[in-house]
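Structure first, then comments.
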Amino acid sequence: MPLSFEVFPPSTKEGSSQLGESLRQLRELKPEFISVTCSSQTLNLAAETLKVASYVQNVAEVPAMAHLPALYLDKADVDQLMPQLREQQVKQVLVLRGDVREQLPVKHDFQHASDLVAYIHDNYPDFKITGACYPEMHPEAKNMVEDVKHLKMKVDAGCDQLITQLFLNNEDFYRFRELCAIANINVPILAGIMPVVSERQASGILKTSASHVPGKFRTILAKYRQYPQALRQAGITYAIDQIVDLMANDVDGIHLYTMNQTDAAQQIQQDIGTLFEVKSA
Ligand code: FAD
């Protein structure tokens, strides 16, 4: 059962040395791959992702996956970047549309993630392509049916697998997985899980409403928000509970949003590592 992690390029020197240490620890957990986000905060957005992905691949020696946001890249950028990734042995990309941000002008070669998926699939067929998906629907979609139709188009354009947005209620994932099956979306769907280890992180989830927040999670937060250690433990236990249930229900893989921290991933491996050795039915 594949376990993978997501990290982001740090913006400070301390962050860089912390990430180096985190990657050394994450590597010990034998992940299938580590993906590296691409922030649309900076104009030179792909350079940092390339640097960290190369480090993951060549120093930490874990297969790396580079995130590529379509709105902020044109064909010339992609044609420059893909050979650089290949040169660094990074052969996996997570193709995204990216979010629109006021401070950063969008480019116009690719409107949807599927446009960039098709471009990479046609021109760089040696790369494995992953796409994003949303068990609770993408926030801009009119409804779930439209969203899944668009997802089907994206997969048909050349996605080899999908990773979900974080979710806190497994029932949302199971419903979504059924819809995908009905829509004939047959690629593996890795479940994106974020162990919530701090009040700040929990508040972020509540504020963006990126995810439907179940009552059980809100109760834990209300009870422990002033006790950082207790909240951390409760947050990791909540994630473990989700993962055990997902694995028992034959999920294709678990993708942990690590936020560049390793303690949650280590705890998960320590508590339920043997589950990852059980083969799927
Ligand atoms: P799309 O697949 O293009 O979908 C976006 C919306 O457009 C949906 O509502 C969809 O229904 C609609 N749509 C798609 N195709 C069509 C069509 N042909 N016609 C009409 N409507 C259509 N962002 C970053 O900037 N950097 C990152 O590193 C990053 N990493 C992420 C990792 C994961 C696992 C996930 C789930 C998200 C990540 N994001 C990242 C956020 C992502 O960029 C946003 O969620 C973005 O709003 C949508 O991206 P997408 O690739 O799902 O877009």
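The values are calculated or read from the model by the stated rules, or taken from the named source; none is laboratory data. Worth saying up front: this structure is predicted, and the values here are computed from it rather than measured. Ideal geometry is used to build each Cβ from the backbone, glycine not excepted, and the neighbour counts take in all protein chains shown.
Some notes on this structure:
- Residue match in the range 100-123 (condition: acidic (Asp, Glu), assigned to a loop (DSSP other than H, G, I, E, B) and either at pLDDT below 95 or closer than 22 Å to residue 163 by Cβ (or both)): yes
- Verdict on residue 87 being over 18 Å from the mean Cα position of the chain (by Cα), surrounded by fewer than 13 Cβ atoms within 10 Å (Cβ to Cβ) and over 27 Å from residue 141 (Cβ atoms): yes
- Matching residues in the range 90-122 - criterion: being among the charged types (D, E, K, R) and either within 13 Å of the ligand (Cβ to nearest atom) or over 21 Å from the mean Cα position of the chain (by Cα) (or both): 97, 99, 101, 102, 107, 109, 115, 122
- Any hit, the range 73-88, residues being within 10 Å of the ligand (Cβ to nearest atom) and either touching a residue at least 40 places away in the same chain (Cβ under 8 Å) or in contact with a His (Cβ under 6 Å, 6 or more places away or on another chain) (or both): no
- Enumeration of residues in the range 224-251 that are surrounded by 17 or more Cβ atoms within 10 Å (Cβ to Cβ) and charged (D, E, K, R): 232
- Residue check for residue 131: modelled with pLDDT under 95, within 16 Å of residue 163 (Cβ to Cβ) and either surrounded by 20 or more Cβ atoms within 10 Å (Cβ to Cβ) or near the ligand (Cβ under 8 Å from one of its atoms) (or both): no
- Test result for residue 150, within 13 Å of the ligand (Cβ to nearest atom) and either assigned to a loop (DSSP other than H, G, I, E, B) or not hydrophobic (A, V, I, L, M, F, W, C) (or both): yes
- Close contacts from the range 251-278, counting a first residue that is at pLDDT below 95 and assigned to a loop (DSSP other than H, G, I, E, B) and a second that is acidic (Asp, Glu) and crowded, with 16+ Cβ neighbours inside 10 Å, with Cβ to Cβ under 7 Å and a gap of 6+ residues or different chains, come to 258/6.
- Residues satisfying the stated conditions in the range 134-147, i.e. assigned to a helix (DSSP H, G or I) and surrounded by 15 or more Cβ atoms within 10 Å (Cβ to Cβ): 144, 147
- Test: residue in the range 58-68 that is away from the ligand (no atom under 15 Å from the Cβ), part of a helix (DSSP H, G or I) and under 30 Å from residue 273 (Cβ atoms): yes
- Leading residue by the ranking (nearest to the ligand (Cβ to nearest atom)) among those in the range 153-192 that are surrounded by 14 or more Cβ atoms within 10 Å (Cβ to Cβ), in a loop (DSSP other than H, G, I, E, B) and polar (S, T, N, Q): 165
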